[in-house]
Every structure is written in structure tokens, then in C-alpha cells.
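Asker: Please find one structure pasted underneath; my questions will follow.
Every read-out reported here was derived from the displayed coordinates using simple, explicitly stated rules and does not represent laboratory data. Only a predicted model underlies this, so the values are computations on that prediction, with no experimental measurement involved.
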Amino acid sequence: MIAKSAITLDGRTTLSKEMGQWISSPESREDVQRIRSEIDAVLVGGETARVDNPRLTLRGEFAEGREAQPIRAVITRNPESLPETHHLLSDEHASQTKVFAAEDLGEVLDEMGSEGVTSVLLESGGRLFASAIEAGLIDEVVLYIAPIIGGGATRLMPVDDVVARLEEVEVQRIGCDMRVRGIVNR
Ligand SMILES: NC(=O)c1ccc[n+]([C@@H]2O[C@H](COP(=O)([O-])OP(=O)(O)OC[C@H]3O[C@@H](n4cnc5c(N)ncnc54)[C@H](OP(=O)(O)O)[C@@H]3O)[C@@H](O)[C@H]2O)c1
């Protein structure tokens, strides 16, 4: 599982309303499209599904020539809390969205694996990211660090006692962002 997040310099995963919607640059968002095009499934937590109403699709050149989009998966303790009108449940790819009524991420990954999914891109907010790091379920982290100080209330790591060190680290400038990518040392 690869975990991807766009963050401000101080580790916020959202912006204040005045700062707009996107933390990362268009170039970074295109890079995310490229990673999405290489994995079997995209996974988010219920809160991100509810608040962001994401599409989690491949677009433009990344969608061309493909038979299917990556599977879109949501892990939530309460599936009824996901609005049926949100893109994941109502757009033309809705039949491929999988909603897991669960909180054990390992079990969800096992279930996805038994259905042939071998690679997952976690595009959640901080709470699910922290749970996944704590459970030792993330293999690789990709962070797009934008040149913004401050932001909204949500953090990449909303708890204090979860730590991870990355190895084989690559640092690259993408647009005005810095991309840090590394393998999680377990
Ligand atoms: N900057 C970025 O790259 C980025 C990416 C994604 C989201 N975001 C932002 O992050 C915010 C949401 O972050 P968040 O931390 O509140 O939520 P989150 O990590 O996206 O999702 C947490 C939700 O996942 C579900 N969940 C199921 N099992 C879990 C487990 N073992 N551990 C943790 N969660 C589990 C629960 O959904 P239920 O409550 O439905 O049970 C929980 O409320 C949004 O404001 C969004 O805009 C930013």
C-alpha cells in the first residue's frame, strides 16, 4: 500500500477557506494521476468521502485506452453516513465503488486481496493514515509538500505516539511543491 498526501509546510492536510481548495500544484496532482494509473485500487476513509466528495478517477491521458478505472474503496463504520448523491456512489463508475463497513484496515486489505487487488493507494486524511502506519500496513509514503504555512484544522499525523522512518528516500521538486517519497522501515 502506498499512502499519498498533500500537506502544508507545517503538516496540515486542509486549507482554510480563504486559501482555496488545492494544497498541491497542478503538476503534483498530475503526478497523483500517474500513481493512480499504476495501482489496482484507491482507498479513503469515510470522513474524506463525506467531506471532500472526491471522484478518485483517472482523467485525461491517464484514462485513455483503459478498460476500467481503478477500484474506489471507502472504509467506514457507518456506510449509511455516505451521501448517495456523492460522486463515489452516483457517477458512471459507481458500480465499481466498494464500501467496506469496517474499521480493521488489515481485514479490508485481505478482502481486497482475495478479490485480486495487489496494490492500493491510500488517499485518506490523517486519522486513517495514522491507523495504517500504526498497524504497519503502509509500504511507501508519497508526500507533496506545498510552500504554504498554516492551513485548515486537519493534520497528517493527528496523534503523537505513531512514528515511522522512511528509507530509500527520493526528494524531487514538482511544480512549486517538494515531493518526498520513501519506503516505510518496519
Ligand atoms: N491533503 C490531502 O492529501 C488529503 C487527502 C484526503 C483527505 N484530506 C482531508 O482530510 C480530512 C479528513 O481527514 P480525517 O483524518 O478526519 O479522516 P480520514 O482519515 O480520511 O478518515 C477517517 C475515517 O475513516 C474511517 N475509518 C475506518 N476505519 C478506521 C481506522 N481504523 N482508523 C481511522 N479511521 C477509520 C472512519 O469513517 P467513519 O467516520 O465513516 O466511520 C473515520 O472517520 C478532510 O478534511 C479532507 O479534506 C486531505
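Asker: What percent do you get for the relative contact order of segment 2-185 when only Cα pairs under 8 Å and 6+ apart count?
Answerer: 34
Asker: Based on alpha-carbon atoms only, what is the radius of gyration of segment 1-80 relative to the globular estimate 2.2 N^0.38 Å?
Answerer: Values: Rg = 13.8 Å, N = 80, 2.2 N^0.38 = 11.6 Å.
So the Cα radius of gyration is 1.19 times the expected 2.2 N^0.38 Å.
Asker: Over all directions, how big on average is the projection of the convex hull of the alpha-carbon atoms in segment 52-113, in square nanometres? Walk me through the numbers before you get to the answer.
Answerer: Numbers: hull surface 19.7 nm².
The directionally averaged projection comes out at 4.9 nm².
Asker: For segment 96-186, what does the convex hull of the Cα positions come to per residue, in cubic angstrom? Please list the in-between numbers first.
Answerer: Numbers: hull volume 13.2 nm³, N = 91.
Residue-normalised Cα hull volume stands at 145 Å³.
Asker: Taking the alpha-carbon centroid of each part, what is the distance from segment 17-80 to segment 115-148 in angstrom?
Answerer: 13
Asker: Counting just the Cα atoms, what span does segment 103-144 cover along each of its three principal axes? Round to the nearest Å and put the largest first.
Answerer: 30, 21, 15
Asker: Wrap a convex hull around the Cα atoms of segment 2-185, take a quarter of its surface area, and give that in square nanometres. Can you show the working numbers first?
Answerer: On the way: hull surface 42.5 nm².
Value for segment 2-185: 10.6 nm².
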